[in-house]
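Below is one structure, written out as structure tokens; the observations come after it.
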Amino acid sequence: ESLELFCGRTTMTMVMPPAPVPAGGASAAGLLALLQEDEPMLQSHALKQLYTCVDQFWSEVAGSVPRIEALSEDTSFEHRELAAAVASRCFFHLEEYNDALRLALGAGQYFDVTAPSAGQTPAEVQYVETMVAKCIDEYVRLRNEEDEAGSAGATEIDGRMVAIVERMFERCYNDQAWTQAMGVALEARRLDKVKEVLERSETAAGAKASLLAYTLDVCVGKQQLLHSRDFRLQVLGVLVELHQAMPDGERDYASEVHCLQQLDNAAAAGETLKTLLSGTEAQHLLAYQLGFDIAESDHQAFILAVLIQLDPSAPGPLPPPTPAQAGDAMQTGAADGAAAEEGEAAAATPMDPALKERVDRLAGVLRASGFMVDLQLNFLHGQSKADPLLLLSVKEALEPRNATLHQATVAAHAFMYAGTANTSFVREHIEWFGKSSNWAKFSATASIGVIHRPKGLLSQSQQVLEAYLPRPGGNSSPYSEGGALYALGLIHAA
């Protein structure tokens, strides 16, 4: 009679034997014994029971993992997804996370990353979180390999893994975890997801502004998690488009100009600054502050290009681009060419006198010999605490023939008056300074460049060093001439 039951007559419903569900302190041996049967219904029944208690009896189930894994790979077995889920849980407890992830990808509905954690046990929550983290790490690694290969499809990525990552994005959207979603998108180099996360964040109040700031910080801020330069520039281009599309009251001009500077797009940066100069008084002040930030970067080619964009009629040709800037120039060349044509047209149109005054003021901030350098020079000169009497006492205490101490005193004088443009001590004791010889004379002359280090004296640099610079028919010391050239480089150094 029992044989007829298990043969599965078509006129009868199969009756399952009482399930040996392990209770607290019991064993899963009875369920594991059912797995050794050849009847699929018995195997399915055992797997359903094991799925509910595998976190408790995983050490016993681990011995039958090969059998369970074989069932998960059997295409004729109806509950192979359930078998994959049980085997994945066992591998998880064995800390074999690669195998656990491989089987979890085949678990189908039994591996639901979007299910709320409220109805799950702590072990289930830990399992899902670990597998999701492992899945994302593996996906990011494969995506980076594909991106570095330079062609889509160069690296095979499991479609089930992609589906899990997509579901995780949806979960982040539902939970409004925007920074987590952006972090995964940036690490995986998914520009489409970067745009999608920024667009979806518009539904939450204030989320988009903070997310834009976070993305900029990841790209070029203190974090700098993006190591791919090409992808970083693409992300910055997306940020610029979003900033320019925002209403005037919400637009972050400072971040926009920062992105444009990283992109080396001086034409667009100049237009943004002119927009600010044409706005309210607060926007005028913001433009000046951005001018200070640009000047502090010491990116001379970019600064000169911005100056030409602000006032096309102003002289000052651009220097040739460096090889590092050549790649960016290829990307922005068309835009800069169009902007140059617009600039020529703008030069023919008279500028409003009030706007012209503000543009000139901003240009003074940007120029190397402008307001910023004057401010720096005045500050250093006014706050100098150098004591000339101390230097004089050291000078008089030195032995006349001790060249080492003489050179040390000259160096101390240069450090004491660095950046102040104060050469009064040199003029008063020019004969003493002239006692140097050979390389000591080189250092003494070069120290003048340290004293005149602020870039505000560019126009007077040759006049300051005129007596020491090489001249046709001159008969000065080569050490003195070399030191003067070195001093000139210190003054002009960016």
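Rounded to the nearest whole Hz, the Karplus-based 3J(HN,Hα) values (6.51 cos²θ - 1.76 cosθ + 1.60, θ = phi - 60°) of segment 428-433 follow the sequence 6, 10, 5, 5, 5, 5, with x at glycine and proline.
Could you tell me the distance between the Cα centroids of segment 253-280 and segment 136-175, to the nearest Å? One Cα centre to the other: 35 Å. Sequentially through segment 270-282, phi angles give Karplus couplings (6.51, -1.76, 1.60; θ = phi - 60°) of x, 5, 5, 5, 5, 4, 5, 5, 8, x, 7, 5, 4 Hz, Gly and Pro residues having no value and appearing as x.
Each other residue within a Cβ distance under 12 Å of Val61 adds +1 if Lys or Arg and -1 if Asp or Glu, for a net charge of -1. Of all lysines in the structure, those lying under 21 Å Cα to Cα from Lys435, and not within fewer than 8 positions of it along the same chain, are Lys395.
The phi torsions of segment 397-404, fed into the Karplus equation with coefficients 6.51, -1.76 and 1.60 and a -60° offset, translate into couplings of 7, 6, 6, x, 9, 8, 5, 5 Hz, rounded to whole numbers, with Gly and Pro shown as x. Sorted largest first, the principal axis extents computed over the alpha-carbon atoms of segment 29-143 equal 42, 29, 23 Å. In terms of its C-alpha gyration tensor, segment 115-236 comes out oblate, because a/c is 1.5 or above while a/b does not outweigh b/c. Seen from all directions on average, segment 172-286 presents a Cα convex hull projection of 7.2 nm².
Between Ser76 and Glu281, the simple label model (points 7 Å from Cα in the Cβ direction) yields a spacing of 8.8 nm. With the Cα gyration tensor of segment 138-210 giving a ≥ b ≥ c as the square roots of its eigenvalues, does the rule (a/c under 1.5 for rounded; else a/b larger than b/c for prolate; else oblate) give rounded, prolate or oblate? Cα axes put segment 138-210 in the prolate bin. From the square roots a ≥ b ≥ c of the eigenvalues of the alpha-carbon gyration tensor of segment 231-279, which class results: rounded (a/c under 1.5), prolate (a/b over b/c), or oblate? Judged from the Cα gyration tensor, segment 231-279 comes out oblate (a/c at least 1.5, b/c at or above a/b).
Segment 383-480 has equivalent-ellipsoid semi-axes of 22, 19, 10 Å, by the square roots of 5 times the alpha carbon gyration tensor eigenvalues, sorted largest first. Solvent exposure of segment 48-109, expressed per residue, is 46 Å² of accessible area, with all protein chains present and a 1.4 angstrom probe.
The values are calculated or read from the model by the stated rules, or taken from the named source; none is laboratory data. These numbers were taken from a predicted model, which means no experiment stands behind them. Cβ sites come from the backbone with ideal geometry, for glycine too, and all protein chains shown count toward neighbours. Areas reflect the complete protein model, heavy atoms only, side chains present, ligands, DNA and RNA absent. Shrake-Rupley method; radii C 1.70, N 1.55, O 1.52, S 1.80 Å.
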